[in-house]
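The values are calculated or read from the model by the stated rules, or taken from the named source; none is laboratory data. This one's a predicted model, so the numbers in the text were calculated from it and none came from an experiment. We place every Cβ from the backbone using ideal geometry, glycine too, and count neighbours over all the protein chains shown. The protein model used for the area step is the full one, side chains on, heavy atoms only, and it has no ligands, DNA or RNA in it. Shrake-Rupley method; radii C 1.70, N 1.55, O 1.52, S 1.80 Å.
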Amino acid sequence: MDNRRKIPVHVAIIMDGNGRWAKRRGLPRTVGHTQGARTVEQILEDADHMGIRYLTVYAFSTENWSRPDGEVKALMNLLRTYMKTSLAKCARNNVRIRVLGDKSRLDKDLQEAIANLERDTASNTGIGFQIAINYGSRDEIVRALRSAAAKVADGSMDPSEITESMISDNLDTHGIPDPDLLIRTGGEQRISNFLLWQTAYAELYFCDVAWPDFKKEDLEKAIDAYNHRERRYGGLIS
Ligand code: FPP
């Protein structure tokens, strides 16, 4: 990669293709997720070294509950293991973790592990790593609007105070700059209810590589493509 390239501040990733990666090898889909979790760890390290300040990954959507029980359990166990074991690594690498999504549907021990990890990494100053679990962008917007509506109903807020920045401040990503680049692996070209509000101006990059095979070089390719796009804001090329 050209070292003069502009590094996006915030990269978001839809990690698709785990199931097909496993199937091609005659393995259960869950093995694809396990390998995908390894890829997450490596890419987080690579992103940090490249100077990316925020990395957000879509680990489990609100729709993923409809997958077979065994697959849901396997994914939850991977996330549980990650939450319970990654503190030492985050401390070493100065990573700050935040989980996006509605945590209330997750098992209590997983909720606790998430709360502990978020609390214990909150003052780290390195890369911000957001993991979306039981996340759906429409659900996130509904939750934000309900809390605004409650304030209007109890008289503590006037409807005129509902602004774009007020909505941003009430999303799970509050305080985090919007993604500059959204990558989807696995060959499909959809947003799948991920960060709909936050990616309003993001560059979109789709690649055929299955998530378990995604490497630093693939991330570099995405950043190269991002650098070659003409960034137009309201018609002006920046
Ligand atoms: C999509 O592949 C991927 C998921 C539904 C899960 C992604 C989760 C991980 C990679 C594990 C996350 C772990 C950590 C530590 C954050 P798919 O199953 O839809 O693949 P397919 O389209 O080939 O069937």
Q: Kindly provide the set of residues from the stretch 58-112 that are more than 12 Å from the ligand (Cβ to nearest atom), free of Cβ contacts under 8 Å to residues at least 40 places away in the same chain and assigned to a strand (DSSP E or B), ordered by number.
A: R96
**Q.** Failed item, numbered, when S147 is tested on (1) open to solvent by less than 60 Å² (accessible area, probe 1.4 Å); (2) at pLDDT 95 or above
**A.** (2)
Q. When you go through R20, R5 one by one, which is the residue that is over 20 Å from the mean Cα position of the chain (by Cα) and either among the polar types (S, T, N, Q) or near the ligand (Cβ under 10 Å from one of its atoms) (or both)?
A. R20
Q.
Of everything in the stretch 150-161, what is open to solvent by 70 Å² or more (accessible area, probe 1.4 Å) and either aliphatic (A, V, I, L, M) or touching a residue at least 60 places away in the same chain (Cβ under 8 Å) (or both)? Give them in sequence order.
A. A153
Q | Considering residues of the stretch 84-139 that are over 14 Å from S61 (Cα atoms) and among the acidic types (D, E) only, the residue least open to solvent (accessible area, probe 1.4 Å) | A | E118
Q: Find the residue count for the stretch 36-54, including only residues that are farther than 24 Å from S137 by Cβ and near the ligand (Cβ under 8 Å from one of its atoms).
A: 1
Q: Would you be able to say whether some residue in the stretch 162-176 is charged (D, E, K, R), in a loop (DSSP other than H, G, I, E, B), within 15 Å of the ligand (Cβ to nearest atom) and in contact (Cβ under 8 Å) with a residue 60 or more places away in the chain?
A: no
Q. Restricting the search to the stretch 179-200, which residues are of a type in the set (G, A, S) and in contact with a helix residue (DSSP H, G or I) (Cβ under 9 Å, 6 or more places away or on another chain)?
A. G186, G187, S192
